[in-house]
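Novice: The structure under discussion is supplied below as structure tokens; questions concerning it will follow.
The values are calculated or read from the model by the stated rules, or taken from the named source; none is laboratory data. Keep in mind that what you see is a predicted model, and the values were worked out from it rather than measured. Note: ideal-geometry Cβ built from the backbone for every residue, glycine included; neighbour counts use all protein chains shown. Note: areas computed on protein heavy atoms with side chains; ligands, DNA, RNA excluded. Shrake-Rupley method; radii C 1.70, N 1.55, O 1.52, S 1.80 Å.
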Amino acid sequence: MASSPARFLSARRRHRSAGLVVLLLGLLSVGAAYTALVPDNAAVADDAAQSQKIEEGRKLFTVGCASCHGQNAEGSTDGEGRVVAPSLIGVGAAAVDFQVGTGRMPAQQPNAQVPRKNVVYSPAEIEALAAYVASLGPGPAIPNADAYDVSKATDEQVTRGGELFRTNCTACHNFAGKGGALPNGRYAPSLMGVDAKHMYEAMLTGPQQMPVFSDQVLTEQDKRDVIAYLKALETQQDPGGFGLGRLGPVSEGLWGWLVGIGILVAVAVWIGAKGVRAKDEH
């Protein structure tokens, strides 16, 4: 009959190696418990660094942003209930990186459109502000570089990006990304020379009057293709002649009036002057 485990262990407890085995088992048990219960030092350091960054962002926000957006980023209104500055709770780090990274924020004064201007904060300060606002509520994060890298975009992707852009964006930004006027003093800015990361963040967050193109509307690849198309436009030549700002029929019609009608008027004046001289000679 086979021996039970208890008999097996009892018979060998006086073996000269038993103490060493028990010691090793104890050390392994303590090590496993320590690993499970004690937090990773690297994780603790990362949490501490993130907390410090959030605190730095809070201080920057209090000095440079709270006068409009409120001490707790809850937004503000004027005496008639109109929104002066929107709430930033839940807008995410990507919205802060776009607005502050393009110089639109802090705004010089509240207007229908906040223009792009020189950047006030350093990259580290922008990162801290974004971390603080992101801590107030969940929202779109700053995209990784791979999300908007179009350095290896193919001709097919550029073509597809052009189709997506003409379908979703040309009503405001013009077919060539040159921008255009909108009602009530607003406008869609030119997209020429805009950083690829800021293009991606704009589609992700919908700044000002722009709609949000979430990943459910335009996938990450869709956004990257649109950016590839716009970057291709920046280097595109005008083999047919003058580009005329690529503003479409307005600039072309103006050119026709100024040059075409101007030439006709000059010819008419010349004919009239020549006729007057002919009469005087007779």
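Novice: When the range 193-220 is examined, which residues are found to be farther than 17 Å from F98 by Cβ and among the hydrophobic types (A, V, I, L, M, F, W, C)? Walk me through it before giving the result.
Specialist: Taking the range 193-220 first, the residues farther than 17 Å from F98 by Cβ are 216-217, 219.
V217 - this is the single residue of the range 193-220 that is farther than 17 Å from F98 by Cβ and among the hydrophobic types (A, V, I, L, M, F, W, C).
Novice: Only residues that are surrounded by fewer than 16 Cβ atoms within 10 Å (Cβ to Cβ) and assigned to a helix (DSSP H, G or I): list them for the range 91-134, please.
Specialist: Once the filter is applied, which keeps residues that are surrounded by fewer than 16 Cβ atoms within 10 Å (Cβ to Cβ) and assigned to a helix (DSSP H, G or I), the range 91-134 yields P123, A124.
Novice: Within the range 84-100, is even one residue polar (S, T, N, Q) and more than 17 Å from the chain's Cα centre (by Cα)? Can you show your working first?
Specialist: Going residue by residue through the range 84-100, those that are polar (S, T, N, Q) are 87, 99.
Narrowing further to those that are more than 17 Å from the chain's Cα centre (by Cα): 87.
Scanning the range 84-100, I find at least one residue that is polar (S, T, N, Q) and more than 17 Å from the chain's Cα centre (by Cα), so the answer is yes.
Novice: What's the number of the condition A196 fails, among (1) more than 19 Å from the chain's Cα centre (by Cα); (2) modelled with pLDDT of 95 or more?
Specialist: Condition not satisfied by A196: (1).
Novice: Considering only residues that are farther than 29 Å from G103 by Cβ and in contact (Cβ under 8 Å) with a residue 40 or more places away in the chain, which ones fall in the range 129-158? I'd like the intermediate steps shown before the answer.
Specialist: Going through the range 129-158, the residues farther than 29 Å from G103 by Cβ turn out to be 152, 154-157.
Correct list: Q157 only.
Novice: Quick check on the range 135-168: of everything there that is assigned to a loop (DSSP other than H, G, I, E, B) and farther than 30 Å from A48 by Cα, which residue is most open to solvent (accessible area, probe 1.4 Å)?
Specialist: First, pick out the residues of the range 135-168 that are assigned to a loop (DSSP other than H, G, I, E, B): 137-144, 149-154.
In the following step, the residues that additionally are farther than 30 Å from A48 by Cα were identified as 149-154.
Details: D149: 81, V150: 33, S151: 93, K152: 179, A153: 39, T154: 66 Å².
Among them, the one singled out is K152.
Novice: Counting only residues that are at pLDDT 90 or above and polar (S, T, N, Q), how many does the range 210-254 have?
Specialist: 4
Novice: Inside the range 5-90, counting only helices (runs of 4 or more DSSP H) that do not spill past its ends, which hold 2 or more residues that are within 28 Å of G137 (Cα to Cα) and either open to solvent by less than 80 Å² (accessible area, probe 1.4 Å) or at pLDDT 65 or above (or both)? I'd like the intermediate steps shown before the answer.
Specialist: Values: elements: 5-12, 18-37, 41-64, 66-69.
Ranges flagged: 41-64, 66-69.
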